[in-house]
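All remarks here apply to the structure that follows.
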Amino acid sequence: MGVGMELLVVDWPRVEATAPGDRRDLLIDAAFGEVYSDDLFEHGWSWPVHPGEDWYRRYAFKGTLGSYKPHFWATHRWDHMREFVEPDLRAALDLFLDALIWDGLESTESAGTGLPERVPDWDADLLVCRPPEDPPVIADWWRQVAPRLDVLREPFDQHAAAPDGWVSTYEEFTTLLTDWGEVAMESERRGWGIVGLRC
């Protein structure tokens, strides 16, 4: 069985106001609570309906079935095509992906995002951890990439497309990027952080 991920945007001070020993359970309840359906094909935002629980939102990525594999494969596809993308767009997408994808890319690790590594004292198994200071920077990278997604079609089709498997088409690749862009923009708008829980 592979690694899965549940993605939340959270009101950081609300999580940190919880006793350290209870933060992990708080996040797990938010990610896996009864308010969510078991539909693996759901897509987009869902949120709690009970009073006092308006401190988080959950995001389901399109076509991932809750698996982390598509996120890994998106970086793999990017690694095959990035040298054929114009430098300023390549730099913005390198930073965007490196900030959000757990394993990062070997080819971009030396560049670094400039975002400090912050590991919160939450005793939770996190694949993604970006406190509220980070989403505005990440969203700015996305604003540089989003209007130019069509430029990626040709290099993707020539150098990264695959006959099958995860994120094997340009459409799947840009859909996943757009979903991450939505997460970054919503986090920025609310002044919240981003956490991806391993499951």
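The values are calculated or read from the model by the stated rules, or taken from the named source; none is laboratory data. Predicted, not measured: the structure shown is a model, and the values here were computed from it. So basically every Cβ, Gly included, is an ideal-geometry build from the backbone, and we count neighbours across all protein chains shown. Please note that ligands, DNA and RNA were not included when accessible areas were found on the heavy atoms of the full protein model with its side chains. Shrake-Rupley method; radii C 1.70, N 1.55, O 1.52, S 1.80 Å.
Structure summary
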| read-out | value |
| --- | --- |
| Taking the stretch 110-199 and dividing mean pair separation by its residue count, relative contact order in percent (alpha carbons under 8 Å, at least six apart) | 50 |
| Where GluC sites (Glu not before Pro) fall in DSSP loop in the stretch 108-199, at most 10 other Cβ within 10 Å | E117 |
| Angle in degrees between helix 135-145 and the longest Cα principal axis of the chain, rounded to the nearest 10 | 20 |
| FRET efficiency, L115 to A91 (Cβ-Cβ, R0 22 Å, nearest 0.05) | 0.90 |
| Extension gain, W47 back to A146 (0.36 nm per residue minus Cα-Cα distance, nm) | 33.1 nm |
| Pair E133, E16: separation of 7 Å Cα→Cβ label points (nm) | 0.9 |
| Per residue value of the accessible surface for the chain (all protein chains in place, 1.4 Å probe), Å² | 50 |
| Whole-Å semi-axes of the chain's equivalent ellipsoid (Cα gyration tensor) | 29, 19, 15 |
| Theoretical FRET efficiency, 1/(1+(r/R0)^6), r = Cβ-Cβ of Q158 and F72, R0 25 Å, to 0.05 | 0.70 |
| Estimated FRET transfer efficiency when R0 is 22 angstrom, pair D54-E182 (beta carbons, to 0.05) | 0.70 |
| Angle between the chain longest axis and helix 170-190 axis [Cα atoms, degrees, rounded to 10] | 40 |
| Neighbour net charge for Y170 - beta-carbon separation under 10 angstrom, K R +1, D E -1 | -3 |
| Computed helical MRE - 222 nm, the chain, DSSP H runs ≥ 4 contributing -39500 (n - 2.57), nearest 500 | -13000 deg cm²/dmol |
| Crossing angle, helix 23-32 versus the chain [Cα axis fit, 0-90 degrees, rounded to tens] | 70 |
